[in-house]
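Q: Have a look at this one before I ask anything.
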Amino acid sequence: MKVLGISMGRKNERCDIYCKQILMGVEAAAKASGKDIEVEFINTVTMDIGQCRGCGACSKAPDGKIKCILKDDYLELEEKVLDADGIVICAPVYSVGIVGQLKNFLDRFGAAHDRASMIDEQNKRREDGRPLLDERYFKDRYCSYVAVGGAWTEDWTCLGLPMMHLFSCSQTMKVVGQINANDQGRKTSPFLDQPMMDDMFAMGENLAMVRQRGNMSGLPSESSDGERNGYRDLPGLRHPRQDHCC
Ligand SMILES: Cc1cc2nc3c(=O)[nH]c(=O)nc-3n(C[C@H](O)[C@H](O)[C@H](O)COP(=O)(O)O)c2cc1C
């Protein structure tokens, strides 16, 4: 099993620190439970991920690979996502929402890998005897999100997490945790915010402990989603709402 940590912030800054803390939580939980989990970290800040031009080439996939034809670093990140079983994205909030690089990635990844249309396409290919789509497109993945914002108030980060969910949406990945890490501007370093670092670590433990999709735990169906799938409920928004401006 593989867990990929994607940081879209500046190198060695907050997204990197939180992402690595989460991956340490993954490793610790894997070690404690004897699970074989490989972790990988990637910082994307200098990657060239341009915008979708709407050409439609990705929907043809003659050889079974849904491939964007633009020549930039998108394919490298896409391959890493497809190889992973669990993914955590730590991305800065810019202009109240997700950073542009993430939006560009989502525009090129999301629609092209829509699970419902891929299942439909796979069935047609099977009937017609055409090359089948890559099996990795149909993996049951799970993920977590951290939106990192400098602003004191949550208002200025309010579209961060909701927009990040676009990543899991079309692939129907299970989201097992989200944290709105706002108020970073007044903090000299995440290392001085132990409760936040603990939440990040716990998020990593959750990623490691989540079970496969569906009610595989044997727990009754009226139990909570977290109970059935092995993860604990984490705080979605850590800080109480404050009415000051940015
Ligand atoms: C162009 C730009 C726009 C930003 N807009 C917001 C914003 O709307 N809300 C907010 O909370 N922080 C905003 N920030 C602050 C970043 O979210 C903050 O610096 C964060 O720590 C960046 O992540 P990093 O430290 O991992 O690079 C903005 C920063 C930049 C450079």
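Q: So how much slack lies between LEU132 and LYS11, counting 0.36 nm per residue of separation and subtracting their Cα-Cα distance, in nm? All intermediate terms of the calculation are to be shown ahead of the outcome.
A: Details: separation 121, 0.36 × 121 = 43.56 nm, distance 3.90 nm.
Stretched fully, the LEU132-LYS11 segment lengthens by 39.7 nm.
Q: Taking the alpha carbon gyration tensor of segment 118-188, what are the square roots of 5 times its eigenvalues, largest first, to the nearest whole Å?
A: The three semi-axes for segment 118-188 are 39, 10, 8 Å.
Q: Among THR153, THR44, THR188, THR172, which comes first, second and so on when ranked by fewest other beta-carbon atoms within 10 Å?
A: The order, fewest Cβ neighbours first, is THR188, THR172, THR153, THR44.
Q: As a quick test, which of the pairs LYS35/LYS67; LYS65/LYS124; LYS71/LYS103 have an alpha carbon distance above 23 angstrom in this structure?
A: Correct reply: LYS35/LYS67.
Q: How high is the FRET efficiency from LYS60 to SER95, r the C-beta distance, R0 51 Å, rounded to 0.05?
A: Here the calculated transfer efficiency is 0.90.
Q: Still on this structure, please answer the following. In terms of modelled amide H atoms, which long-range or inter-chain residues lie less than 5 Å from the amide H of VAL88?
A: The answer is LEU4, GLY5, ILE6, SER144.
Q: Continuing with this model, one more query. Short version: ³J(HN,Hα) in whole Hz for each residue of segment 60-68, in order, from phi by Karplus 6.51 cos²θ - 1.76 cosθ + 1.60 (θ = phi - 60°), x for Gly and Pro, what are they?
A: Residue by residue, segment 60-68 yields 7, 6, x, 9, x, 9, 7, 10, 6 Hz.
Q: Listing LYS67, LYS31 from the residue with the fewest other Cβ atoms within 10 Å to the one with the most, what is the order?
A: LYS31, LYS67
Q: Taking all pairs of distinct Cα atoms, average 1/r, flip it, and tell me the Kirkwood hydrodynamic radius of segment 2-229 in Å to one decimal place.
A: 18.5
Q: GLY177's amide H: which non-local residues (gap 5+, or another chain) put their own amide H closer than 5 Å, with H modeled 1.01 Å from N in plane and none for Pro or chain starts?
A: TYR145
Q: Could you check what % of the DSSP bridge pairs in segment 2-229 are antiparallel, to the nearest 5?
A: Bridges in segment 2-229 are about 5 percent antiparallel.
Q: What percent do you get for the relative contact order of segment 2-229 when only Cα pairs under 8 Å and 6+ apart count?
A: Dividing the mean separation by the residue count of segment 2-229 yields 25 percent.
Q: With each label point set 7 Å from Cα along the Cα-Cβ vector, what nm distance links GLN51 and SER33?
A: 4.2
Only the coordinates and a few stated rules stand behind these numbers; no lab work does. Everything numeric here is computed off the predicted structure, so don't read it as measured data. All Cβ positions, glycine included, derive from the backbone under ideal geometry; neighbour counts span all protein chains shown.
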